[in-house]
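Working notes for the structure below.
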Amino acid sequence: MALVALPAPAQTLPDLGDVSSATLSDAQEKTIGNRIMREVRIDASVIDDPEITDYISSVGARLLSVADPPPRQIDFFVVQDDTINAFALVGGHIGVHSALITLTQSESELAGVMAHEIAHILQRHQARMIHGASRAQWTSLAALALAILAARGGGAQAGQVTEAAVATAGALQIQNQIDYTREHEREADRVGLTLLERAGFDTRGMANFFERMLRSNRLNEFKGAPSYLRTHPLTTERIADMQGRVEGTPTRMVPDSFDYRIARSKLRAASGTGQEAVKLFRTMLEDKGVLRPREDVYGLALAQRRTRDLEGAWVTLETLRNPRGDGRELPVFGMAPQPHPAFEVLAGQLMADMGKHDEAATIYRRALRGNPHYRALVYANLDELLQTGHAREALADLEERLRTVQDDYHLYELQARAYEAQARPIAQHRAQGEAYFRKGNLAAAVDQLELAVKQTRGSNFYEMSIAESRLRELRVLLENERAAEKALKIT
């Protein structure tokens, strides 16, 4: 539970000057950002987990909802990494390392870091810095994105990889520009604190986290702390300024959301080896005694699944799904009347892992009745249908969902698998192309549509006409994208 400052009278974000004449245009930002993100999205350490992605995006949306107009669209993602870092990329993209999330002691601390990164984008700090570089230097931006991701691993070897990537790309000058100035950091602090307060988080969360990180860095407690401090100059003066802005304000108690606690446990369970994760959660639960936080029990079940102790994971999870142990899901003190959907996703996965596919299907169907739009449940159920040869049922579900949700590349990837199972290659490649399009990879999308229109086996006029029409549209978009990158001299 955190302390949060009571709402202050309505105010606008600090007036930090008109930057429009000293920055890239929105279109230029988008072009550069999309080019960088094409490289970032294919990195295996970018976490493609709907529960983690949806949680981090919900925190970002909550903060953005209280920002002054005009609104900015920002994409949030999490990187599996044991170094402590978060970074904003030009064009409206924010990455958060998993270790930073697991290190936070409250949701407001995490929100404080995210508010700070959002402020960098709202104030267009990177766009202003890149604007000062020559266009020839922008060529290095995509390579720099890879260098940023290479830095995640920490340690001497990762440092050498990063140094080589940056040097080979000729990106050292750009790196110096992306490391924020102290003035940028002060601006981001002021804007971030205002967002944090407006969104109802504890305004002390930002200062508390930064102060702990700076203190720990001096004591060399966190091997990953320097990753953040290198790109975000942190001083005692900055922390004192943050503390001064919230000092003496009235406070109220605000609990962390359960989704925050679930996400943090899920990331902890995925860190290190499976055995290390099991040991961590057993120790945490022993330290808590009879007070067994649900998120820690859930984390233990996840860790046990990683070690393939499926029976043990099921027994652990059942204490959350059926606390009385009698087959009934009864409310008890500290327990929700119905299991959290994350518990049901894991329950279905465990049943499927043990070859009990009928039980898995039953779990998913029942859970979806109460949580029809919970993405992790939707994907797990569709995957189970495809794994067990029910492609027709999966397609019917997908077609219904895609009538209202058309920006989810996961659904199109599942649709491509379903069409493949039905030996419909035109529709398969078209669906895969739509998935690539929603990932921002137009070239791969065009490749898939070209494969679609070359199909002769099992072709029909209607499907071929749709594929040909869509191919023409995507080719135009790809030509425009390449022209925009060429104009900016991005290779």
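Computed from the coordinates by the stated procedures, all read-outs in this text should not be read as laboratory data. What you are looking at is a predicted structure, and each value in this text was computed from that prediction instead of being measured. Glycine also receives a Cβ, built like all others from the backbone with ideal geometry; neighbour counts cover every protein chain displayed.
If each residue of separation counts as 0.36 nm, what is the full-extension length gain between THR273 and GLU468 once their alpha-carbon separation is subtracted? All intermediate terms of the calculation are to be shown ahead of the outcome.
On the way: separation 195, 0.36 × 195 = 70.20 nm, distance 4.78 nm.
Between THR273 and GLU468, full extension yields an extra 65.4 nm.
What does the extension gain come out to for PHE461 and ASP43, with contour length at 0.36 nm per residue minus their alpha carbon separation? Walk me through the intermediate numbers first.
Numbers: separation 418, 0.36 × 418 = 150.48 nm, distance 3.80 nm.
Answer, rounded to one decimal: 146.7 nm.
For a protection proxy built on the mean count of beta-carbon atoms within 10 angstrom, sort 480-488, 49-57 highest first, please. List each step's numbers first, then the result.
Values: 480-488: 14.2, 49-57: 19.6.
Result, highest mean first: 49-57, 480-488.
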Taking the Cα atoms of segment 67-127 alone, what are Rg (to one decimal) and Dmax (as a whole number) in Å? 11.8, 36
Skipping prolines and chain starts, which residues have an amide H placed within reach, meaning under 5 Å, of the one on VAL78, given they are 5 or more residues away or on another chain? ILE47, VAL96
Label-point separation (nm) for ASP68 and ARG292, each offset 7 Å from Cα along Cα-to-Cβ? 5.2
Simple spin-label estimate for GLU183/ASN322, 7 Å along Cα→Cβ, in nm, reads 6.5
FRET efficiency for VAL405 and GLU237, Cβ-Cβ distance as r, R0 = 60 Å, nearest 0.05? 0.80
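Pairs LYS279/LYS439; LYS266/LYS439; LYS266/LYS356; LYS439/LYS486; LYS439/LYS489; LYS30/LYS489: which exceed 26 Å Cα-Cα? The partial results should precede the final answer.
Numbers: LYS279/LYS439 37 Å; LYS266/LYS439 24 Å; LYS266/LYS356 24 Å; LYS439/LYS486 21 Å; LYS439/LYS489 23 Å; LYS30/LYS489 14 Å.
Among LYS279/LYS439; LYS266/LYS439; LYS266/LYS356; LYS439/LYS486; LYS439/LYS489; LYS30/LYS489, the Cα-Cα distance tops 26 Å for LYS279/LYS439.
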Between THR251 and GLU359, with labels modelled 7 Å along Cα→Cβ, what's the label distance in nm to one decimal, could you check? 4.7
If you bin every alpha carbon distance in segment 348-461 into 5 Å steps from zero, what whole percent lands in each bin? 2, 12, 20, 21, 18, 13, 7, 5, 1
Output wanted: per-residue J couplings in Hz (rounded whole) for segment 423-428, from phi through Karplus 6.51 cos²θ - 1.76 cosθ + 1.60, θ = phi - 60°, x for Gly and Pro. 6, 10, x, 4, 5, 4
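Work out the FRET efficiency for THR283 and GLU481 from their Cβ-Cβ distance, taking R0 = 51 Å, and round it to the nearest 0.05.
Values: r = 51 Å, r/R0 = 0.99.
The calculated FRET efficiency here is 0.50.
Can you give the charge dipole size of segment 430-491 about its Cα centre, rounded to the nearest 20 debye, using +1 on the beta carbon of Lys and Arg and -1 on the beta carbon of Asp and Glu?
Values: 11 positive and 9 negative charges, 22 e Å.
Roughly 100 debye, rounded to the nearest 20.
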5 Å is the cut-off here: which amide hydrogens, built 1.01 Å from N in the peptide plane, fall below it relative to ASP68, excluding neighbours closer than 5 in sequence? LEU13
In order over segment 238-248: 3J(HN,Hα) from phi, Karplus 6.51/-1.76/1.60, θ = phi - 60°, whole Hz, x for each Gly or Pro, gives 4, 5, 4, 5, 4, 5, x, 6, 10, 5, x
Provide the FRET efficiency to the nearest 0.05 for the GLU311-PHE258 pair, computing r from the beta carbons and using R0 = 25 Å. 0.40
